[in-house]
Number of protein chains: 2
Amino acid sequence: MDVARLAGVSIAAVSRTFTPGSSISSKLSKKVHKAALQLNYVPNNLARSLITRRTNIVALMLPNLDNQVYSALLSEASLRLQENNTQLLLFTPNDDNDFDRTLQRMLEYQVDAIVIAAASISSRMAALCLGRDVPVVMLGRHLPSLSVHSVRGDAEDGGVKAAQLLLNGGGKRFGIISGSQSFTTMLERKQAILKHLSSSSGIEDVVIADGKLTYEGGYQAALEVMSSAERPDSLFCLTDIMALGAMDAIRHKLNLRIPEDVAVIGFDDIPEAAHESYKLTTVRTPVRQMIHHMMELIALESSEEPPQTIMIDAELILRSSTRSVPSHL
Amino acid sequence: MDVARLAGVSIAAVSRTFTPGSSISSKLSKKVHKAALQLNYVPNNLARSLITRRTNIVALMLPNLDNQVYSALLSEASLRLQENNTQLLLFTPNDDNDFDRTLQRMLEYQVDAIVIAAASISSRMAALCLGRDVPVVMLGRHLPSLSVHSVRGDAEDGGVKAAQLLLNGGGKRFGIISGSQSFTTMLERKQAILKHLSSSSGIEDVVIADGKLTYEGGYQAALEVMSSAERPDSLFCLTDIMALGAMDAIRHKLNLRIPEDVAVIGFDDIPEAAHESYKLTTVRTPVRQMIHHMMELIALESSEEPPQTIMIDAELILRSSTRSVPSHL
DNA sequence: CGTAATATTGTAAAGGCTTACAAAAATGTT
DNA sequence: AACATTTTTGTAAGCCTTTACAATATTACG
């Protein structure tokens, strides 16, 4: 190509000067660089990828960016990947759009790996990816039936820890604000809470409301839960954004005090949870660690590796939305 | 390739069945589809792009996702682009990373267009992009010297409207919480406020504090501003996240009332601004419209088009952090 | 039914790069 | 200096498509 001609070298030579680790003399390299600069030459990744079978692109499927947890995942993933010279190609399916089609498009782009945060994937597609040696890792979700990697916070552990905390805080009547969508994580958190409440204190009556996974959803669901005959004195919100809505509903609409009248605990630890206005006690979703493991799973060469499920311990972040342990304990 | 062989047709035929609008009989198309399904064939965008010179990828450079404005831009852009079958390739430079290198990498990926939200670009690079016919559009920022497109909210208009509002609310002593980084938007907002305050009411003394563009930054800056000799009764926060921090500092640390003791106005209208806990009056950054125009600018074929600067009127979102107009007006 | 017009198909070149292989140059060894 | 090594370079094939062009099949029409 032109650069080669101008520099008076072979095409292979220019390729080598732009491929770190190739054998090229500094004399040639210098000539090529000069010519490249003169011609505003930029290597063409397409052609390169076509032959090397590596695009340095990882596809990421995100449900939406409204929930800050996803922003955090996205941000962290992007940063870490960039350290390896690879970029994120973003896919945000809108509801009617079926996932299989999105997956298919990812494959068309020949991405090096596929990361799916929430939302699921059909086993047909999982097989397709496997067949093409494209690692798939699910973030914060897990389908045992699927042979793809997954990394997530330990929802059960988190649920238990949350239940313990509210129990220790002297809670007697419990409420749960859950998401209407049936994400496994939500379900697991809920089950764990219910089970622990029952097994450790014999509590069976828990008021549950489902809402959308938004501030508004939490607000409405809180209104619902708190107006039940036996008003809860302890509230689990399966997601921080919902917790924020719930807190605002409780304080500003219902005029109740947190945590005196009702203790609130959330899940995720989004940035707002730390705001002075909320100071929400929550079970953290370990974004850094999740992405760290994601990177490892992506790097796994052969798809011969059996699918791994990595589970990260829950970490309780204590703030002021829950009662501290009564003194007599 | 294999599909062609299995289907018993030419390579061109399979290409045509996967290229909408090509001339292909339904008989052949059916045969090809069958074979493709059998072989799990997925078209290779790389090869296609190499020849068509279109990747259906748009590069987006974002400073960080902490600020929800950027999440919103990202989200909206991704959604709109997907409607045109194109995906976002994300670049999040970390500070030490120089922008020119990032730009260069974008070009290597042969992206169809480059969108830059905040952060700047050297004129050398602008020229390079122009030379390769890659449209560049800057979001929310503008450098007159650069020949790239830009679309942004009218910061001046916004500043004036904000100033008017706080003035009408009976403000006498004013404070501004600004960002330490020198984004043009910040500067323009500040200038506009200062100018309007001065020209319409002869106010020259304004307490200004710079902070990081974060909740924390706003919190600290508010503490600083509010402890000045003449404590402001009206506070401009050049960014909503900073405004949230400021509000929390004012209420929970300083124990002052909003808006009675001090009126607060922000810029951007991020989702949290609408939360019951804040109810922040703010000047909206018109994300939808910005992306809408971005799409148009990207579509512009020839880079012969002169660079356009699209300015969108500011919209005041009235909530409860500002005083309403005194009755005697 | 024969010819003209149109639609469908195949052939082969091209797109910009990497890389196996062979040839040439530089370096080391005795 | 003669040879064995090692390093550098060039040649050419190949990665998977699209597409101009020519060839063939189909349809329309008098």
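Would you mind telling me which numbered condition in (1) open to solvent by less than 20 Å² (accessible area, probe 1.4 Å); (2) in contact with a strand residue (DSSP E or B) (Cβ under 9 Å, 6 or more places away or on another chain); (3) within 16 Å of DNA strand D (Cβ to nearest atom) A:ARG105 fails?
Going through (1) open to solvent by less than 20 Å² (accessible area, probe 1.4 Å); (2) in contact with a strand residue (DSSP E or B) (Cβ under 9 Å, 6 or more places away or on another chain); (3) within 16 Å of DNA strand D (Cβ to nearest atom) one by one, A:ARG105 breaks only (1).
Each row is one residue, and each column tells you yes or no for (1) modelled with pLDDT of 90 or more; (2) more than 13 Å from the chain's Cα centre (by Cα); (3) open to solvent by 10 Å² or more (accessible area, probe 1.4 Å).
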residue	(1), (2), (3)
A:ASP112	yes, yes, yes
A:ALA118	no, no, no
A:SER122	no, yes, yes
A:MET138	yes, no, no
A:PRO144	no, yes, yes
A:SER147	no, yes, yes
A:SER150	yes, no, no
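Of these, A:SER49, A:SER29, A:SER78, A:SER22, which one is within 10 Å of DNA strand C (Cβ to nearest atom), among the polar types (S, T, N, Q) and either assigned to a helix (DSSP H, G or I) or open to solvent by 80 Å² or more (accessible area, probe 1.4 Å) (or both)?
Details: A:SER29 fails: within 10 Å of DNA strand C (Cβ to nearest atom); A:SER78 fails: within 10 Å of DNA strand C (Cβ to nearest atom); A:SER22 fails: either assigned to a helix (DSSP H, G or I) or open to solvent by 80 Å² or more (accessible area, probe 1.4 Å) (or both).
Only one candidate qualifies: A:SER49.
Residues that are hydroxyl-bearing (Ser, Thr, Tyr) and in the same structural domain as B:ASP268 (by TED's automatic domain parsing): does region B:201-210 have at least one? Give the derivation first.
Let us first name the residues in region B:201-210 that are hydroxyl-bearing (Ser, Thr, Tyr), namely B:201.
Of the ones still in play, those that are also in the same structural domain as B:ASP268 (by TED's automatic domain parsing) are B:201.
Yes: one or more hits.
Filter region B:1-19 for residues that are open to solvent by 90 Å² or more (accessible area, probe 1.4 Å), near DNA strand D (Cβ under 9 Å from one of its atoms) and in a helix (DSSP H, G or I) and give the result. It would help to see each step written out before you state the result.
Taking region B:1-19 first, the residues open to solvent by 90 Å² or more (accessible area, probe 1.4 Å) are B:1, B:5, B:11, B:16.
Filter once more, keeping what is near DNA strand D (Cβ under 9 Å from one of its atoms): B:1, B:11, B:16.
Result: B:ILE11, B:ARG16.
Only one of these is within 11 Å of chain B (Cβ to nearest Cβ) and in contact (Cβ under 8 Å) with a residue 24 or more places away in the chain: A:SER78, A:SER71, A:SER49. Name it. Step through it out loud before you land on a result.
Working: A:SER78 fails: in contact (Cβ under 8 Å) with a residue 24 or more places away in the chain; A:SER71 fails: in contact (Cβ under 8 Å) with a residue 24 or more places away in the chain.
Within the list A:SER78, A:SER71, A:SER49, the selection yields A:SER49.
Go through region A:262-310 and give me each residue that's modelled with pLDDT of 95 or more, hydrophobic (A, V, I, L, M, F, W, C) and open to solvent by 50 Å² or more (accessible area, probe 1.4 Å).
Once the filter is applied, which keeps residues that are modelled with pLDDT of 95 or more, hydrophobic (A, V, I, L, M, F, W, C) and open to solvent by 50 Å² or more (accessible area, probe 1.4 Å), region A:262-310 yields only A:ALA274.
Tally time: how many residues in region B:20-35 are within 10 Å of DNA strand D (Cβ to nearest atom), of a type in the set (Ser, Thr, Tyr) and more than 43 Å from the chain's Cα centre (by Cα)?
Total satisfying the criteria: 1.
Please list, ordered by first then second residue, the pairs with beta carbon atoms under 6 Å, 6 or more apart or interchain, first in region A:228-256 and within 14 Å of chain B (Cβ to nearest Cβ) and under 19 Å from A:LYS190 (Cβ atoms), second among the hydrophobic types (A, V, I, L, M, F, W, C) and in a loop (DSSP other than H, G, I, E, B).
A:ASP240/A:ILE270; A:ALA243/A:LEU280
From the list B:THR55, B:THR92, which one is under 24 Å from A:LEU103 (Cβ atoms), in contact with a helix residue (DSSP H, G or I) (Cβ under 8 Å, 6 or more places away or on another chain) and within 10 Å of chain A (Cβ to nearest Cβ)? Write out each step before concluding.
On the way: B:THR92 fails: under 24 Å from A:LEU103 (Cβ atoms).
Exactly one of B:THR55, B:THR92 is under 24 Å from A:LEU103 (Cβ atoms), in contact with a helix residue (DSSP H, G or I) (Cβ under 8 Å, 6 or more places away or on another chain) and within 10 Å of chain A (Cβ to nearest Cβ), namely B:THR55.
Please report, ordered by residue number, the strands (runs of 3 or more DSSP E) entirely within region A:220-322 with at least 2 residues that are more than 30 Å from B:LEU280 (Cα to Cα). Explain how you work it out, then say what you get.
On the way: elements: A:234-237, A:263-268, A:281-284, A:309-312, A:315-317.
In region A:220-322, A:309-312, A:315-317 are the strands (runs of 3 or more DSSP E) which contain 2 or more residues that are more than 30 Å from B:LEU280 (Cα to Cα).
Whether any residue in region B:52-65 is assigned to a helix (DSSP H, G or I) and either crowded, with 17+ Cβ neighbours inside 10 Å or within 11 Å of DNA strand D (Cβ to nearest atom) (or both) is what I want to check. Lay out the reasoning, then the answer.
Looking only at region B:52-65, we keep the residues that are assigned to a helix (DSSP H, G or I), and these are B:52.
Of the ones still in play, those that are also either crowded, with 17+ Cβ neighbours inside 10 Å or within 11 Å of DNA strand D (Cβ to nearest atom) (or both) are B:52.
Yes: region B:52-65 contains one or more residues that are assigned to a helix (DSSP H, G or I) and either crowded, with 17+ Cβ neighbours inside 10 Å or within 11 Å of DNA strand D (Cβ to nearest atom) (or both).
The values are calculated or read from the model by the stated rules, or taken from the named source; none is laboratory data. Worth saying up front: this structure is predicted, and the values here are computed from it rather than measured. Note: ideal-geometry Cβ built from the backbone for every residue, glycine included; neighbour counts use all protein chains shown. The protein model used for the area step is the full one, side chains on, heavy atoms only, and it has no ligands, DNA or RNA in it. Shrake-Rupley method; radii C 1.70, N 1.55, O 1.52, S 1.80 Å.
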